[in-house]
Structures are given as C-alpha cells and as structure tokens.
Amino acid sequence: MGSDPVTSGVVTSLNQPDGNVTGVTFFTGPLGPKRLELLRDLVPKATTIALLVNPQAAVSTADSANVRAAAYSVGLQTHVLNANAEGHVEDAFTVIVERRIDAVLITADPFFISQRDKLVALAARHAIPVIYFGREFVAAGGLMSYGANVTETHRLVGIYAGRILYRNSIHSWGRLQPIQPLGPRGLVSGLKLCNGKGNVQVLVGGG
C-alpha cells in the first residue's frame, strides 16, 4: 500500500503486525516535503506553490498538511486545489494560470496516474514546472518525479507471497513477519532535447 499502515489503522505496528496482515508498503505521503525541496531547487525564485490533491483520498489531508508545513517553514505560499474528476484537472490549471502560481506539486494518488497524459499536457501548454510522484509521468513527458521504486515493491511482495505459499500459512514463521517499508528510490527527470528533427525525451535517474 502507498500510505502508512499504522496511521491508516490497518495494523498497530510495522515490526509486529497483528491479524493476518504483512507485506510491503511504500510511503508516498511523507515524501511530499522532499518533493517540495526538489521543486524549490528547480525553481528557486518561486514564491507560490499549488498542491493538487484528491479530496476523497483518505490521506489527502495529512499529505497536504505535511507539504504546507514545509512550505511555510521556508516562506512559500501554498494553494491547495482539489481534483477527483477529469474536468477538475483542467479547472485546477485554469486557477493556477489565473493566479500566476509559480510551480505545482502533485500529491500521490491513483487518480492522478489515470490523468497523467492530461496533467503533463496542461503543464507543457502553460509552461508550468510540475513535480510528480511516479516515473509514469516523466515517461509521458513530465518534467520530474520523486517517489518509491514500485518495481522493487512488486519484487518484495513476490518474495513474501512465496514464503507464505511455501509454508502454507502467514503465521508459519511463528509470528507475522514485519511489514517492510520501502524508502524512496526514484528521482527521475525528463529532458526534452531538440535534435533538429523534433524533440527527444531523455529519462535521467531511477525508480
């Protein structure tokens, strides 16, 4: 899962999960302040940042609060814009342009992955620097992303599943295995270079 299983109420502890739950989690929300830091490095003269959030996501309040606190600590103004339907994305960018917001941070949510082509296109159309949470956005033409290595998450889930199937029980270790938190592994930048015949995108980084 992409949120903290403890704060989400799924388990009481990562090291000693209760019930029938174990596995792998990659913390996406707590990476928000780091994304803000990278965005500031990219746009050092920025004074106002927009946060695009899905208000229906359970962790949206905590995620935006983390970023807003980090922004306040360095003197940045923030505008939280909600989007949970296709038309909302265009509405959000209309507000971003009208308010002359300097840069945008997309909070981690599956809805935004489904809208990645539109998000990337709108950012390019209005020449607005945007940092995303997954390399899918950079692969679609986005500027930069920072987030967990989802491929590594899948590998670890396979290992856990294999252990459970081999021993025929999630409790067969004598106790539940700790939930493995996967740290950030992916700063990915997209550089569009002109080769005389059009633009060529180069992905820089991993994750």
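Read-outs: derived from the displayed coordinates by stated rules, not from any lab. Just so we're clear, the structure is a prediction, and the values are computed from it rather than from any experiment. Reconstructed Cβ throughout: ideal geometry from the backbone, glycine too, with neighbour counts over all protein chains shown.
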Problem - Extension gain (nm, one decimal) between T47 and A65, 0.36 nm per residue minus Cα-Cα - result: 4.7 nm
Practice task
Rounded to whole Å and sorted largest first, list the principal axis extents of the Cα atoms in segment 32-77.
Solution key: 32, 17, 16
Handout entry: Nearest-20 debye value, segment 40-160 charge dipole, Cβ charges on Lys, Arg, Asp, Glu
Key = 260 debye
Practice task
Under 12 Å from the Cβ of P33, count the other residues' Cβ atoms, weight Lys and Arg +1, Asp and Glu -1, and hand me the total.
Solution key: +2
Fill in the blank from the handout: Binned at 10 Å from zero, the C-alpha pair distances of segment 53-137 give percents of 16, 53, 29, 1
Exercise for the section: Just order 114-120, 95-101 by mean Cβ neighbour count inside 10 Å, highest at the front, would you? Expected result: 114-120, 95-101
Handout entry: Sorted peptide list for 60-67, 136-143, criterion being average Cβ within 10 angstrom, highest first
Key = 136-143, 60-67
Problem - Virtual spin-label span in nm between N84 and A58, 7 Å along Cα→Cβ - result: 1.4 nm
